[in-house]
Amino acid sequence: MKTPKNPAVEIGKPETDKPETAAPRTVQTSPAFHNGSGYDNGEEAWRLIGIMAEFATATEKLRHIAPAVSIFGSARLPPEHPYYKKTEIIARKLSDAGFAVISGGGPGIMEAANRGAFPGRSPAVGLNIQLPHEQRSNTYQDISLSFRHFFVRKTMFVRHASAYVVLPGGFGTLDELTESMTLVQTGKARRIPIILVGGEFWRGWLDWMRGAMVEWDMVTREELEMVQVIEEPDDIVKAIFDFYEISGFKPTPDERERMLNL
């Protein structure tokens, strides 16, 4: 009997008969992959160049807007709505206090943010997104960018913001808010003020997090302290200045490195 090639095999124990080579496995693919209309036509790889171009263009255009505050909220609120009017006031006070105001560039709260900041002393910035419906660019933008990709746009909101001010909104608003909380919680982004406006709107969501999420040990009460509810525009501006009173608005080298690796 031959000595087994595998030393772990007990000598003297007969080897089982195995085929010399395994039969090749046939992989079935869709006809689309053979006629040039599938992913194998190279289109996906070339799209990376467009994504890189969006990052490069946005980074260059926004490199001088610090400090800045990103304002989020519903695209569906009309100009006569109380939250629209409050957003205008908040944005104007922030602009006059030296903060560039960044919004999603569309209607509703986004328009109110740009509209309030536009006559102020700091830039009104709109990060527009190309959507099949709802999104249209508002006309109150000193700096206007248009994105095809959500994740590039979201990166710009995070990288350039010294604070978030979040008004009532839908899925998009919740997406931006919870992503900012996740980045701070995980240490991928520096801690900044995250301010909610409209306590009556946010109360149920905050109660649920303080209840179910804490009770199930999904988050800690200390982690939820990164979010605060402030209603008055002057108090919002003061809270942001108070937060940076000691450290200043300029990121530390470590914070900057983290922001470059979002």
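Right, Val197: over 20 Å from the mean Cα position of the chain (by Cα), surrounded by 14 or more Cβ atoms within 10 Å (Cβ to Cβ) and touching a residue at least 40 places away in the same chain (Cβ under 8 Å) or not? For Val197, the condition - over 20 Å from the mean Cα position of the chain (by Cα), surrounded by 14 or more Cβ atoms within 10 Å (Cβ to Cβ) and touching a residue at least 40 places away in the same chain (Cβ under 8 Å) - is not met.
For Lys2, the requirement of being at pLDDT 55 or above, among the basic types (Lys, Arg) and open to solvent by 90 Å² or more (accessible area, probe 1.4 Å) is not met.
Take the residues in segment 59-107 that are β-branched (Val, Ile, Thr) and buried (at least 24 other Cβ atoms within 10 Å of the Cβ); name whichever of them is nearest to Pro123 (Cα to Cα).
Val101
Quick one: would you say Ile236 is open to solvent by less than 40 Å² (accessible area, probe 1.4 Å), at pLDDT 90 or above, closer than 29 Å to Thr59 by Cβ and touching a Phe, Trp or Tyr at 6+ places or on another chain (Cβ under 8 Å)? The answer is no for Ile236.
Taking only segment 108-135 into account, find how many residues are within 16 Å of Gly73 (Cβ to Cβ) and either surrounded by 20 or more Cβ atoms within 10 Å (Cβ to Cβ) or in contact with a strand residue (DSSP E or B) (Cβ under 9 Å, 6 or more places away or on another chain) (or both). Walk me through it before giving the result.
So the first thing to find is which residues in segment 108-135 are within 16 Å of Gly73 (Cβ to Cβ), and the list is 108-117, 124-129, 134-135.
Now drop any that are not either surrounded by 20 or more Cβ atoms within 10 Å (Cβ to Cβ) or in contact with a strand residue (DSSP E or B) (Cβ under 9 Å, 6 or more places away or on another chain) (or both), which leaves 108-117, 124-129, 135.
Qualifying residue count, segment 108-135: 17.
Here Glu88 meets the list (1) of a type in the set (D, E, K, R); (2) assigned to a helix (DSSP H, G or I); (3) more than 30 Å from Arg203 (Cβ to Cβ) almost entirely, failing just condition (3). Checking Val214, Val184, Val219 one by one, the residue that is open to solvent by less than 30 Å² (accessible area, probe 1.4 Å), more than 18 Å from Ile102 (Cα to Cα) and under 12 Å from the mean Cα position of the chain (by Cα) is Val184 and no other. So which pairs qualify, if the first residue must be in segment 131-154 and outside any loop (DSSP other than H, G, I, E, B), the second must be open to solvent by 40 Å² or more (accessible area, probe 1.4 Å) and among the charged types (D, E, K, R), the Cβ gap must be under 7 Å, and the two must be at least 6 apart or on different chains? Hits for this filter: Ile143/Lys61; Leu145/Lys61; Lys154/Glu179. Flag set for Thr252, criterion: modelled with pLDDT under 95, among the β-branched types (Val, Ile, Thr) and under 23 Å from the mean Cα position of the chain (by Cα). Just to be sure before I move on: is Gly199 over 19 Å from Ile240 (Cα atoms) and among the small types (Gly, Ala, Ser) in the structure I sent? No: the conditions fail for Gly199.
Scan segment 160-175 for residues that are assigned to a loop (DSSP other than H, G, I, E, B) and touching a Gly at 6+ places or on another chain (Cβ under 9 Å) and jot them down. Of everything in segment 160-175, those that are assigned to a loop (DSSP other than H, G, I, E, B) and touching a Gly at 6+ places or on another chain (Cβ under 9 Å) turn out to be Leu167, Pro168, Gly169. The requirement of being of a type outside the set (A, V, I, L, M, F, W, C), open to solvent by 20 Å² or more (accessible area, probe 1.4 Å), more than 21 Å from Lys238 (Cα to Cα) and touching a Lys or Arg at 6+ places or on another chain (Cβ under 8 Å) is not satisfied by Gly204. Residues that are closer than 27 Å to Glu88 by Cα and in contact with a helix residue (DSSP H, G or I) (Cβ under 7 Å, 6 or more places away or on another chain) within segment 235-255 comprise Ile236, Val237, listed in sequence order.
Residue by residue, here is whether (1) at pLDDT 90 or above; (2) among the aromatic types (Phe, Trp, Tyr); (3) over 25 Å from Asp242 (Cβ atoms); (4) in contact with a Pro (Cβ under 6 Å, 6 or more places away or on another chain) holds:
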position: Glu111; (1), (2), (3), (4): yes, no, yes, no
position: Pro119; (1), (2), (3), (4): yes, no, yes, no
position: His133; (1), (2), (3), (4): no, no, yes, no
position: Arg153; (1), (2), (3), (4): yes, no, yes, no
position: Tyr164; (1), (2), (3), (4): yes, yes, no, no
position: Gly169; (1), (2), (3), (4): yes, no, yes, no
position: Gly172; (1), (2), (3), (4): yes, no, yes, no
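Scanning segment 80-101 finds no residues that are over 24 Å from Thr178 (Cβ atoms) and under 17 Å from the mean Cα position of the chain (by Cα).
The values are calculated or read from the model by the stated rules, or taken from the named source; none is laboratory data. These numbers were taken from a predicted model, which means no experiment stands behind them. We place every Cβ from the backbone using ideal geometry, glycine too, and count neighbours over all the protein chains shown. Just the protein is used for accessible areas: all its heavy atoms, side chains included, with ligands, DNA and RNA removed. Shrake-Rupley method; radii C 1.70, N 1.55, O 1.52, S 1.80 Å.
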